[in-house]
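FYI, it's all coordinate maths here, none of it is from the lab. Small disclaimer: the values here were computed from a predicted structure and weren't measured. Note that we place each Cβ from the backbone using ideal geometry, even for glycine, and neighbour counts take in every protein chain shown.
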């Protein structure tokens, strides 16, 4: 169990290996980013279940993703810009508030089915991801070997497809990448029923 992980409740879902640009301006989150940079540690990103990103601490889902800062800078208006990369998933066992209003939790790291090869029945999903990457010039989605990794393909599609946040959270909470791909396939059929 990892204790006292700083938590950042957001209206977005971060998936393992995903990239997420953020603008940070509230003092509790500036403190969190400063601590993270100073100690080269991570924090946790969780989807908000109830509440808002700004102001009173929001109630968040119990499954989230470790966020590692890979780039940072400051805008002219003084707002801190960071880019984080998703690490492993975690489950919050217990949470509490720090005196500065920052949420923190004791978390269990979740097991991942890593390096599971993409079965033939999901190759169309891999092709779809490749087309999205080319059309929108997503340079971070390079590396042809990744397109045969079931976990990587399922996470990239889950973050890129126009799904609502509850669907994205359900996909994040799914342990088996093949099950996640099957869920994405059925969500795509609901998005495009003529197919």
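I need the Kirkwood Rh of the range 120-191: take the reciprocal of the average 1/r across all distinct C-alpha pairs and report it in angstrom. Please report the intermediate quantities before stating the final value.
On the way: mean 1/r = 0.0813 Å⁻¹.
Value: 12.3 Å, from the Cα pair sum.
What order do you get for 79, 13 when you list them from fewest to most C-beta neighbours inside 10 Å? All intermediate terms of the calculation are to be shown ahead of the outcome.
Details: 79 12, 13 27.
Listed from fewest to most nearby Cβ atoms, that is 79, 13.
Step by step: find N for the chain, compute 2.2 N^0.38 Å, then divide the Cα radius of gyration by it. What's the final number?
Rounded to two decimals, the normalised Rg is 1.06.
Round to a whole angstrom and tell me the spacing of the C-alpha centers of the range 1-45 and the range 90-120.
Answer, in whole Å: 12.
In degrees from 0 to 90, rounded to the nearest 10, what is the angle of the helix 123-135 Cα long axis to the longest principal axis of the chain?
Value to nearest ten degrees: 60.
Need one number: convex hull volume per residue for the range 2-88, Cα atoms only, in Å³.
Enclosed volume per residue, from the Cα hull, is 96 Å³.
Could you give me the percent of Cα pairs per 5 Å distance bin for the range 1-47, shortest bin first, beginning at zero and ending with the bin that holds the maximum distance?
Calculated over all Cα pairs of the range 1-47, the distribution is 5, 17, 29, 30, 16, 3 percent.
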